[in-house]
Amino acid sequence: MTIKILLVDDHIIVRQGLRKLLESQKNFLIVAEAGDGVEAIKLVDSFHPDVTVLDIMMPGIGGLEVARQVQGKTRGVILSMHSNEAYVVEAIRNGALGYVLKDSQANELIQAIQAAYENRYYLGTPFSQQSVNSYLEKVRSKQLDPYETLTRREREVLKMTAEGLTAAEISEKLAISPRTVEVHRAN
(Lines give C-alpha, C1' and ligand atoms only; values in the text may rest on other atoms or scores of the structure.)
Protein backbone atom coordinates (compact mmCIF):
# COMPACT_ATOMS: atom_id res chain seq x y z
CA MET A 1 0.00 0.00 0.00
CA THR A 2 1.35 3.40 -0.99
CA ILE A 3 -0.06 6.56 0.58
CA LYS A 4 -0.11 9.44 -1.94
CA ILE A 5 0.58 12.76 -0.19
CA LEU A 6 0.21 16.41 -1.17
CA LEU A 7 2.36 18.87 0.85
CA VAL A 8 1.01 22.40 1.30
CA ASP A 9 3.10 25.09 3.00
CA ASP A 10 4.01 28.60 1.90
CA HIS A 11 7.63 28.14 3.07
CA ILE A 12 9.75 26.27 0.52
CA ILE A 13 12.34 25.16 3.05
CA VAL A 14 9.61 23.65 5.25
CA ARG A 15 8.18 21.74 2.28
CA GLN A 16 11.65 20.47 1.37
CA GLY A 17 12.19 19.26 4.95
CA LEU A 18 8.79 17.59 5.05
CA ARG A 19 9.45 15.93 1.71
CA LYS A 20 12.77 14.48 2.97
CA LEU A 21 11.14 13.26 6.17
CA LEU A 22 8.12 11.69 4.51
CA GLU A 23 9.99 10.17 1.57
CA SER A 24 12.07 8.23 4.11
CA GLN A 25 8.93 6.19 4.80
CA LYS A 26 8.72 3.29 2.36
CA ASN A 27 4.94 3.52 1.87
CA PHE A 28 4.73 7.33 1.45
CA LEU A 29 4.80 8.96 -1.99
CA ILE A 30 4.80 12.75 -2.37
CA VAL A 31 2.70 13.33 -5.49
CA ALA A 32 2.79 17.16 -5.45
CA GLU A 33 3.58 20.29 -3.45
CA ALA A 34 1.75 23.61 -3.20
CA GLY A 35 2.81 26.97 -1.83
CA ASP A 36 -0.70 28.31 -1.22
CA GLY A 37 -4.29 27.22 -0.74
CA VAL A 38 -5.56 28.03 -4.23
CA GLU A 39 -2.84 25.92 -5.81
CA ALA A 40 -3.52 23.14 -3.27
CA ILE A 41 -7.19 22.89 -4.24
CA LYS A 42 -6.24 22.57 -7.92
CA LEU A 43 -3.62 19.92 -7.14
CA VAL A 44 -6.10 17.86 -5.11
CA ASP A 45 -8.31 17.70 -8.20
CA SER A 46 -5.34 16.85 -10.46
CA PHE A 47 -3.41 14.34 -8.33
CA HIS A 48 -6.11 12.84 -6.05
CA PRO A 49 -3.82 12.48 -3.01
CA ASP A 50 -4.90 10.15 -0.23
CA VAL A 51 -3.70 12.61 2.41
CA THR A 52 -2.99 16.34 2.22
CA VAL A 53 -0.66 17.89 4.82
CA LEU A 54 -1.72 21.53 5.25
CA ASP A 55 -0.01 24.45 6.95
CA ILE A 56 -2.72 26.19 8.93
CA MET A 57 -1.57 29.76 8.15
CA MET A 58 -0.82 30.74 4.56
CA PRO A 59 -1.43 33.87 2.52
CA GLY A 60 -4.79 33.90 0.75
CA ILE A 61 -6.59 30.69 1.60
CA GLY A 62 -5.26 29.02 4.76
CA GLY A 63 -5.16 25.35 5.65
CA LEU A 64 -8.48 25.33 7.51
CA GLU A 65 -10.37 26.67 4.51
CA VAL A 66 -8.54 24.32 2.12
CA ALA A 67 -9.48 21.38 4.36
CA ARG A 68 -13.12 22.47 4.22
CA GLN A 69 -13.11 22.83 0.42
CA VAL A 70 -11.42 19.49 -0.31
CA GLN A 71 -13.09 17.28 2.29
CA GLY A 72 -14.37 14.15 0.64
CA LYS A 73 -11.62 14.35 -2.01
CA THR A 74 -8.63 13.84 0.30
CA ARG A 75 -7.97 13.40 4.01
CA GLY A 76 -6.49 16.47 5.67
CA VAL A 77 -3.78 16.70 8.31
CA ILE A 78 -3.22 20.19 9.69
CA LEU A 79 0.31 21.21 10.64
CA SER A 80 0.23 24.15 13.03
CA MET A 81 2.11 26.16 15.62
CA HIS A 82 -1.20 26.83 17.45
CA SER A 83 -2.14 24.54 20.34
CA ASN A 84 -5.30 26.55 21.03
CA GLU A 85 -8.41 24.37 21.29
CA ALA A 86 -10.37 26.62 18.92
CA TYR A 87 -8.01 25.80 16.04
CA VAL A 88 -8.29 22.07 16.70
CA VAL A 89 -12.09 22.21 16.80
CA GLU A 90 -12.20 24.27 13.61
CA ALA A 91 -9.81 21.85 11.87
CA ILE A 92 -12.03 18.89 12.72
CA ARG A 93 -15.16 20.84 11.84
CA ASN A 94 -13.63 21.55 8.42
CA GLY A 95 -12.99 17.87 7.77
CA ALA A 96 -9.37 17.41 8.89
CA LEU A 97 -8.57 14.06 10.49
CA GLY A 98 -5.23 15.09 11.96
CA TYR A 99 -3.77 18.03 13.84
CA VAL A 100 -0.05 18.08 14.60
CA LEU A 101 1.96 20.89 16.17
CA LYS A 102 5.04 22.06 14.31
CA ASP A 103 7.21 21.54 17.38
CA SER A 104 6.22 17.85 17.61
CA GLN A 105 8.47 14.89 16.96
CA ALA A 106 8.60 13.74 13.33
CA ASN A 107 6.94 10.43 14.16
CA GLU A 108 3.76 12.28 15.16
CA LEU A 109 3.28 13.61 11.64
CA ILE A 110 3.93 10.13 10.25
CA GLN A 111 1.35 8.66 12.65
CA ALA A 112 -1.16 11.38 11.75
CA ILE A 113 -0.79 10.64 8.03
CA GLN A 114 -1.22 6.91 8.60
CA ALA A 115 -4.27 7.48 10.81
CA ALA A 116 -5.85 9.86 8.29
CA TYR A 117 -5.25 7.36 5.50
CA GLU A 118 -7.13 4.80 7.61
CA ASN A 119 -9.92 7.36 8.18
CA ARG A 120 -9.05 7.74 11.88
CA TYR A 121 -8.51 10.93 13.87
CA TYR A 122 -5.07 11.78 15.23
CA LEU A 123 -4.26 14.74 17.43
CA GLY A 124 -0.57 15.07 18.31
CA THR A 125 0.97 15.90 21.65
CA PRO A 126 -0.24 17.63 23.89
CA PHE A 127 -3.68 16.36 22.92
CA SER A 128 -5.08 13.09 24.32
CA GLN A 129 -7.72 10.57 23.22
CA GLN A 130 -10.02 12.17 25.79
CA SER A 131 -9.48 15.56 24.16
CA VAL A 132 -10.11 14.02 20.71
CA ASN A 133 -13.50 12.80 21.93
CA SER A 134 -14.19 16.19 23.52
CA TYR A 135 -13.33 18.00 20.27
CA LEU A 136 -15.47 15.62 18.23
CA GLU A 137 -18.39 16.22 20.57
CA LYS A 138 -18.00 19.99 20.14
CA VAL A 139 -17.89 19.59 16.37
CA ARG A 140 -21.03 17.47 16.38
CA SER A 141 -22.95 19.83 18.67
CA LYS A 142 -25.83 21.58 16.99
CA GLN A 143 -24.76 25.06 18.09
CA LEU A 144 -24.61 27.50 15.19
CA ASP A 145 -21.06 28.63 14.57
CA PRO A 146 -21.01 32.21 13.27
CA TYR A 147 -17.96 31.37 11.14
CA GLU A 148 -20.06 28.85 9.20
CA THR A 149 -22.44 31.63 8.15
CA LEU A 150 -19.68 33.60 6.39
CA THR A 151 -19.12 33.39 2.65
CA ARG A 152 -15.73 32.40 1.24
CA ARG A 153 -14.95 36.07 0.47
CA GLU A 154 -15.99 37.17 3.98
CA ARG A 155 -13.64 34.54 5.41
CA GLU A 156 -10.80 35.85 3.23
CA VAL A 157 -11.44 39.40 4.44
CA LEU A 158 -11.64 38.19 8.05
CA LYS A 159 -8.30 36.38 7.73
CA MET A 160 -6.56 39.37 6.12
CA THR A 161 -8.02 41.69 8.75
CA ALA A 162 -6.67 39.40 11.47
CA GLU A 163 -3.27 39.57 9.75
CA GLY A 164 -3.39 43.35 10.22
CA LEU A 165 -4.09 44.46 6.65
CA THR A 166 -6.02 47.69 6.10
CA ALA A 167 -9.19 47.88 4.02
CA ALA A 168 -7.20 49.51 1.20
CA GLU A 169 -4.59 46.72 1.26
CA ILE A 170 -7.29 44.03 1.28
CA SER A 171 -9.19 45.69 -1.56
CA GLU A 172 -6.01 45.78 -3.63
CA LYS A 173 -5.17 42.10 -2.95
CA LEU A 174 -8.70 40.90 -3.70
CA ALA A 175 -9.42 43.35 -6.54
CA ILE A 176 -12.57 44.70 -4.86
CA SER A 177 -13.46 48.19 -3.66
CA PRO A 178 -12.58 49.36 -0.13
CA ARG A 179 -16.33 49.84 0.45
CA THR A 180 -16.95 46.16 -0.40
CA VAL A 181 -14.20 45.20 2.06
CA GLU A 182 -15.99 47.21 4.75
CA VAL A 183 -19.29 45.48 3.96
CA HIS A 184 -17.60 42.08 4.28
CA ARG A 185 -16.01 43.17 7.58
CA ALA A 186 -19.39 44.28 8.89
CA ASN A 187 -20.90 40.91 8.00
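Taking every lysine pair in the chain that is 8 or more places apart or spans two chains, those with Cα atoms closer than 29 Å amount to 26. Taking trypsin sites (Lys or Arg not before Pro) across the range 1-92, the ones in a DSSP loop with at most 14 further Cβ atoms lying within 10 angstrom of their Cβ are 26, 73.
At a probe radius of 1.4 angstrom, the accessible area of the chain per residue rounds to 52 square angstrom. For residue 75, the residues 5 or more places off, or on other chains, whose built amide H falls under 5 Å of its own are 51, 52.
Multiplying the residue separation of residue 125 and residue 20 by 0.36 nm and subtracting their alpha-carbon distance yields 35.6 nm.
Estimated purely from DSSP H runs of n ≥ 4, each contributing -39500 (n - 2.57), the mean residue ellipticity at 222 nm for the chain is -14500 deg cm²/dmol once divided by its residues.
Summing Lys and Arg as +1 and Asp and Glu as -1 over all other residues whose Cβ lies under 11 Å from the Cβ of residue 51 gives a net charge of 0. Overall, the accessible surface of the range 5-132 at a probe of 1.4 angstrom is composed of carbon and sulfur to the extent of 51 percent. Overall, the chain carries a charge dipole of about 420 debye about its Cα centre when +1 sits on the Cβ of Lys and Arg and -1 on the Cβ of Asp and Glu, all other atoms neutral.
Along the chain, the longest continuous region that contains none of the GluC sites (Glu not before Pro) in a DSSP loop with at most 16 other C-beta atoms within 10 Å is 1-117.
The values are calculated or read from the model by the stated rules, or taken from the named source; none is laboratory data. Computed from a predicted structure; not experimentally measured. Here the Cβ is made from the backbone with ideal geometry for all residues, glycine too, and neighbour counts use every protein chain on show. To get the accessible areas, we keep the full protein, side chains included, count just its heavy atoms, and leave off ligands, DNA and RNA. Shrake-Rupley method; radii C 1.70, N 1.55, O 1.52, S 1.80 Å.
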